[in-house]
């Protein structure tokens, strides 16, 4: 059986530069749970965009059929896209990923005129600018009306295109009013937006003053974790006596003083290479100077939960016109098979994704480091000495750090320990976003449970771990490097797929046993902690080979060499 694919409708609404696309087909390779991942690959010279599209699948007589209906605003497909590019033809190819992670080219292709992809010219006349500012000032008089309208949105009496579905209360009212004013005037009430625009203006001014950028700048809104990617690359810069600077500030841009924003803008303008390890939102408001390289190390291995632009159509506030991630000149990943996924998630061409490895994983190939980490933890926490350690490390539920939680009632610490052999110690490691703690009888279980949430690096804890219990946490990649048995407690798998989704069918790729009930967690844990494991390890080996084939203990060295080449 061969793949089939036919385009039923492909038309462009010229005024809106909107592609209306409808196609149907049949695939010959396996997919999971009747789900199919299809991407449209837009290609114009060296510019490329892997654009994910939603599919509807069904099975009939053992064959898998699918249908695609999509509306794509073409002016937002490429970033940047010049008038010279607009003279070329943009090719459209189609691929899908099967449940083994292999990509297959669908047997059809198409093309569009390049001028459809050019951005529309914004009105920049002084008169129009003055008009918008006057309307913005007048909007303050109408603010009570906009807020009243937002009240009905927050109460659920009407819908708003400006308010995320889960947002309500006063915040929902404000977002609605802000959206109305922004839509009509181009200005809003958001302090984040105001300070981000201020950052962009100061950057452009600083670029005019700095003729030749030099050195490396590390930027992050997260603490520079010891042994993390930024920390290791920074240490390497010091050892090589290379020029570098950093701005590590955990405050979001709307909380930063204007003086700090000006300082960061000047530092960014003066840097030849800017290095990130996570999303740094205000940076994507910039038109980076051509001499500057923007390198994204990213903090996670592999491609597990969908992230970045892969979530288009799934996350309410994420729209096709976003510039998030799209100005990276390089993104570093853990393996060659991850290139298509990072290209899609960051909206960059595949040639910009470099499988150089993940620096913070080098420790897993260093036997002496593992011995030192085990000895340090045993000395600091005597209850671990000579014990079998079960590490419970779930991820959070919710849309972000403000709504993050874990349903604590789903894991009864006391009941779990009562069923375990006496030489088993439970270590709890909640996601940093989750502030609530599991309840248990501290006196009864003294010496048998350690809550290290907010303490210790989870990578160090893995060196003393006999069994990892998790759900959808990316710590499974690091655990697989040590060959740690894993148990997946996925009581809410369908809900999690609906809200976050994965790049693959979870049951096909997760390297361990999956259970739905706490009773099965206990039964399976007792068996696994006694080394009674199903299977022969081939699934775990395939998992490592597919997701982590660039990891060998020399990732930091390769990344440093690459960054150094960019500075020359």
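For this structure, a couple of remarks:
- Distance between the range 260-330 and the range 51-111 - C-alpha centres, whole angstrom: 24
- Two-decimal Rg/Rh across the range 218-309, once Rg and the Kirkwood Rh are taken from alpha-carbon atoms: 0.96
- Fraction of beta bridges assigned by DSSP in the chain that are antiparallel (%, nearest 5): 60
- Its relative contact order, with pairs defined as Cα atoms under 8 Å and 6+ residues apart, puts the range 212-341 at 26 percent.
- Among 96, 489, 562, the order by Cβ neighbours within 10 angstrom, fewest to most, reads 562, 96, 489.
- Helix-only [θ]222 nm of the chain, DSSP H runs n ≥ 4, -39500 (n - 2.57) each, per residue, nearest 500: -9500 deg cm²/dmol
- For the range 126-185, projected area of the alpha-carbon convex hull averaged over all directions, nm²: 3.9
- Percent antiparallel among DSSP beta bridges (both partners in the range 283-428, rounded to 5): 10
- Three-way shape label, the range 367-547, alpha-carbon gyration tensor, a/c 1.5: rounded
- Entry note, the chain: relative contact order of 12 percent, from Cα contacts under 8 Å with a spacing of 6+ residues.
- Dividing the radius of gyration of the alpha carbons in the range 4-117 by their Kirkwood radius gives 1.00 for Rg/Rh.
- Kirkwood hydrodynamic radius of the range 251-390, Cα pairs, Å: 17.9
- Entry note: the range 118-157 has Rg to Rh equal to 1.23, where both radii use alpha-carbon atoms and Rh is the Kirkwood radius.
- Each of 378, 212 was scored by other Cβ atoms within 10 Å of its Cβ. Listed from fewest to most, they are 212, 378.
- Net length available on complete extension from residue 350 to residue 278 is 24.0 nm, with 0.36 nm assigned per residue and the Cα-Cα distance removed.
- Translational diffusion coefficient of the chain (Stokes-Einstein, Kirkwood radius from Cα pairs, 4 °C, 1.567 mPa s): 49 µm²/s.
- Counting only Cα atoms, the range 257-335 measures 36, 30, 24 Å along its principal axes, largest extent leading.
- Counting only DSSP beta bridges with both residues in the range 367-547, the antiparallel share comes to about 5 percent.
- The range 329-379 - Rg (one decimal) and Dmax (whole number), Cα, Å: 15.9, 48
- All-pairs Cα distance distribution in the range 391-451, expressed in whole percent, bin size 10 Å: 21, 50, 23, 5
- Cα→Cβ-extended label distance, 7 Å offset, between residue 171 and residue 235, nm: 3.7
All of the numbers you see were taken from the coordinates with simple rules; none came from a lab. Since we're looking at a predicted model, the values are computed, not measured. Virtual Cβ from ideal backbone geometry, glycine too; neighbours counted across all protein chains shown.
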